[in-house]
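Rule-based calculations on the coordinates, nothing more; no lab input. This one's a predicted model, so the numbers in the text were calculated from it and none came from an experiment. Counting neighbours? That spans all protein chains shown, and the Cβs are built from the backbone with ideal geometry, glycine included.
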Amino acid sequence: MPAPKPDDTTAHEALLAFDRAHVWHPYSSALSPQDPYVVESADGVRLRVRDRDGTPREVVDAMSSWWCALHGYRVPELDAAARAQLGRMSHVMFGGLTHEPAVGLARRLVDLAPDGLEHVFLADSGSVSVEVAMKMALQWHLAAGRPRTRFLTVRGGYHGDTLNPMSVTDPVGGMHALFRGILPEHVFAPRPPSGLDPDGAALAAWERETRALFAAHAHEVAGVIVEPVLQGAGGMHVWAPAALTVLHDLAREHGALVIHDEIATGFHRTGPLWAGQRVDTPPDILTVGKALTGGYLTLAAVLCTREVAEGVSRGAAGGLMHGPTFMGNPLACAVASANLDLLASRDTPAEVARIEAGLREGLSAAAELASVTEVRTLGAVGVIELREPVRVAEVTAAAVARGVWVRPFRNLVYTMPPYVTDDADLATITSALVEAVASAHG
Ligand SMILES: *Cc1c(COP(=O)(O)O)cnc(C)c1O
């Protein structure tokens, strides 16, 4: 690429200066702001960024932009869907009105969802969909004359950043101590043992403890909420379908609903369409988000069974008490439908299996590094776990220098690449991650 022109450099510096002085980034400090890269455009699996000094670079996106951009960027089918919808209407209110984009998307979601999930609430972000799922469970119990007010979950989870999703997120990772007295206090079972097929004794011990805890709180537990089989932002922890089955059984035994939060895991990220497909029973409520629009626009959805929907509606309130301004946004719904059609038109399970094999092979060298405790892969997710917190700026810079965009957190350097990442780009991602960890941590 050509060297930047002087006015480019000035504009680049001015942009960064205003950003530092005025713009919040995720989990950021206004006193010591992070040093972001400026991204100018993106195409396929590549982002065009500028270094701190303005040098343009192309980097392969190992993050799918926080797990959303399944087909990469500027996807012709999704661009066309957005353009076509812009020519009709980008937004109208959903109170008293309906439209084909929302109904078409709901039809697709009901079709794809586990059996029995027939009612769709279209929300505007993942956290809001978790709020709605929790309200559904609370209203369902209220309507039946059982005012249960708590949720049971496992440690290590992540369900979003608004207050209720935070309250069922891991107490440490979810900063419960910081917000003591404000967050509702829910019931936390231990984190289930690691791996799809953990040691039987560890699983039995976990089950004993969880059974006792559930029994002690059964009268007040409205629902169980978990990320099936893979905890995402809570620590990229893989856990056993057998433990999920235990939670389903306990919920049924004690009259609680089961909520699967598949905002991170849905749409094949762990291999199957839904991570929760690995257990025999479907959830009562399902949340989806992140990859729903292929990373184009913010949109999420909550699906529930007829029993839950009708139960909620029999209550004194006469319906589900939620209705965001941008509910069912037509532009987002149209792109989401195009995204789901595109996923279905490809052999997505085979694409994910290919990526899983490439990640397993390419990341295996990291297991030899002194700084690394474990390397794990599940579907299109590859994780390098370190002994110590990641030196984020150093690892990121080392990966960018090797042509890869990565955003580590805590002690984890991980990738969730777009499903369309070809074998050569996948090899670029895995070698950059291994080398970046080696150069920053040894
Ligand atoms: C990202 C995420 C959320 C929150 O979604 P936002 O769109 O960021 O509000 C909730 N649950 C899970 C499992 C997630 O990964």
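At a 10 Å Cβ-Cβ cut-off, how would you order CYS68, CYS333, CYS304, fewest neighbours first? Before the final figure, lay out each step's value.
Details: CYS68 22, CYS333 27, CYS304 30.
Least to most surrounded, the residues fall as CYS68, CYS333, CYS304.
Work out how far the C-alpha atoms of the chain reach from end to end along every principal axis, then list the three figures in whole Å, largest first.
Principal-axis extents of the chain (Cα, largest first): 69, 57, 46 Å.
Go ahead and run the numbers for FRET between THR281 and SER90, Cβ-Cβ distance against an R0 of 45 Å, rounding to 0.05.
Values: r = 40 Å, r/R0 = 0.88.
For R0 = 45 Å, the calculated efficiency reads 0.70.
Using a cut-off of 12 Å between beta-carbons, work out the net charge of the residues near SER129 (Lys and Arg +1, Asp and Glu -1, SER129 not included). Provide the component values of the computation, followed by the final result.
On the way: positive: LYS135, LYS290; negative: ASP124, GLU131, ASP261, GLU262.
Value of the local net charge: -2.
Roughly what % antiparallel, to the nearest 5, for the DSSP beta bridges in the chain? Intermediate values should be presented prior to the final figure.
Values: 35 of 50 bridges.
Of all bridge pairs located within the chain, approximately 70 percent are antiparallel.
Count the net charge of all other residues whose Cβ sits under 11 Å from the Cβ of VAL335, scoring Lys and Arg as +1 and Asp and Glu as -1. Before the final figure, lay out the partial values.
Values: positive: ARG83; negative: GLU77, ASP79, ASP341.
Residues close to VAL335 contribute a combined charge of -2.
I'd like the distance between the alpha-carbon centres of the stretch 22-89 and the stretch 150-225, rounded to an integer number of Å.
Cα centroid to Cα centroid, the span is 34 Å.
Highest mean first, what order results for 408-415, 29-36 on Cβ atoms within 10 Å?
Ranked from most to least packed, the peptides come out as 408-415, 29-36.
Skipping prolines and chain starts, which residues have an amide H placed within reach, meaning under 5 Å, of the one on VAL258, given they are 5 or more residues away or on another chain?
Residues meeting the amide H criterion: VAL224, ASP284, ILE285.
Rounded, prolate or oblate: pick one for the stretch 318-441, where a ≥ b ≥ c are the square roots of the eigenvalues of its C-alpha gyration tensor, a/c under 1.5 means rounded, and failing that, prolate if a/b is larger than b/c, else oblate. Walk me through the intermediate numbers first.
Details: a/c = 2.45, a/b = 1.70, b/c = 1.44.
Here the stretch 318-441 falls in the prolate category.
For SER371, what charge total do you get from the other residues with a beta carbon under 9 Å from its beta carbon, if Lys and Arg give +1 and Asp and Glu give -1?
Numbers: positive: ARG387; negative: GLU388.
Summing Lys/Arg as +1 and Asp/Glu as -1 gives 0.
Show that you can apply the helix-only estimate: for the chain, add -39,500 (n - 2.57) for every DSSP H stretch of four or more residues, divide by all residues, and state [θ] at 222 nm to the nearest 500.
On the way: 13 runs with 171 residues, N = 442.
Taken over the chain, the calculation gives -12500 deg cm²/dmol.
Using a 10 Å cut-off around each Cβ, can you sort PHE214, PHE326 from fewest to most neighbouring Cβ atoms?
Listed from fewest to most nearby Cβ atoms, that is PHE326, PHE214.
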